[in-house]
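Written out below as structure tokens is the structure these notes cover.
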Amino acid sequence: MPYASQPRVNILDLSNENVKFILENTDLSVANSLRRIFIANVPTLAIDWVQFINNTSVLSDEFIAHRLGMIPLTCDEIIDRFQYSRECNCAEHCPDCSVEFTLDVRCEEDQTRHVTTRDLISSDSRVVPVTTRYGEDDTAYGDQEDDILIAKLRRGQEIKVKAYAKKGLGTEHAKWNPTASVAFEYDPDNAMRHTTYPKPEEWPKSEYSNLPEDNYEAPYDSKSIPEKFFLNVETSGSLRPENIVLSGITALKNKLSELQLHFSHE
């Protein structure tokens, strides 16, 4: 059976950090489904198991473990071949379902020692904190000031940790969310009045607005239906933005296929 409509996509901008595109000839529910899928159903890797060998810092084990879990890890090259730990046949950890990290820092000086993602050592060079990944021009990532702070140590204090990153989804925990933000708009000139501006002239114009400079709001159109959507997907760094979009579309198709299969058996 043919689809009721054939959606069209026009890519406006693509960079290491985000992708902007227009989705046309489809429904509002589809655009919002994609937004939710990008956030919650695109798999990534994140630290999920932490063993503390020694921690004499002022921060508790749980606090540091939570910080480690929230560090985005690059996984573009490896995520598709990884298994979920719940589906793996190993006892605890193996190369098919986890990546090992070590953190071993001790402060030997009077000056405060900053423990950052630069000190987090991965067993797989393809899975590292996003701040230590370098782009082709060596400027996209890796600046020392961009390293994520984990803890601060004074003389004699030490943190020694072994951790494992596992595959997961944003529906399980926010640390597996591959996006920094996902936004879309469908009425840049507010012709549908889905939003009420007390003073439209004080509201910033959309970058997609077609209004003249001295106009701040389009005339009300009661018959207008959302069918053109401007999406902006910004990555946390764990996946490239285009891979988030492609993986999200695949996840949505799989969900719809499962739904269709269940209905066909009823």
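The values are calculated or read from the model by the stated rules, or taken from the named source; none is laboratory data. Owing to the predicted nature of the structure, the values given are computational and were not obtained by experimental measurement. As a convention, Cβ positions derive from the backbone with ideal geometry for all residues, glycine included, and neighbour counts pool all protein chains shown. Just so you know, the surface numbers come from the protein's heavy atoms only, side chains and all, with ligands and any DNA or RNA stripped out. Shrake-Rupley method; radii C 1.70, N 1.55, O 1.52, S 1.80 Å.
The table below gives the values:
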item	result
Choice from K199, K253, K175 with maximal GNM fluctuation in the chain (Cα, 10 Å cutoff)	K199
For region 172-203 versus region 29-100, the gap between their alpha-carbon centres in whole angstrom	29
Accessible surface, region 149-207, averaged per residue in Å² (probe 1.4 Å)	53
Inter-label distance, nm, simple model (7 Å from Cα along the C-beta direction), Q111/E17	3.0
Long pairs among K167/K255; K160/K255; K167/K205, criterion Cα-Cα beyond 30 Å	K160/K255; K167/K205
Nitroxide proxy distance, nm - points 7 Å out along Cα→Cβ at W203 and V58	4.6
Where no second cysteine Cβ lies under 4.7 Å, the cysteines concerned in the chain	C75, C107
Calculated diffusion of the chain, Stokes-Einstein form, Kirkwood radius summed over Cα pairs, 25 °C and 0.890 mPa s, µm²/s	114
C-alpha long axis of helix 241-264 to longest principal axis of the chain, angle in °	70
Region 145-266: radius of gyration and largest Cα-Cα distance (Dmax), Å	22.7, 70
Percent accessible area from carbon and sulfur atoms, region 193-266, protein chains only, probe 1.4 Å	51
GluC sites (Glu not before Pro) restricted to region 39-136 and DSSP loop, no more than 15 other C-beta within 10 Å	E77, E92, E108, E109, E136
Within a Gaussian network of the chain (alpha carbon springs, distance under 10 Å), most fluctuating of P219, P72, P95	P219
Hull-based mean projected area of region 1-55, where the convex hull spans the alpha carbons, in square nanometres	7.2
Top positive-direction residue, dipole computed over the chain with Cβ charges, set H265, I78, V105	H265
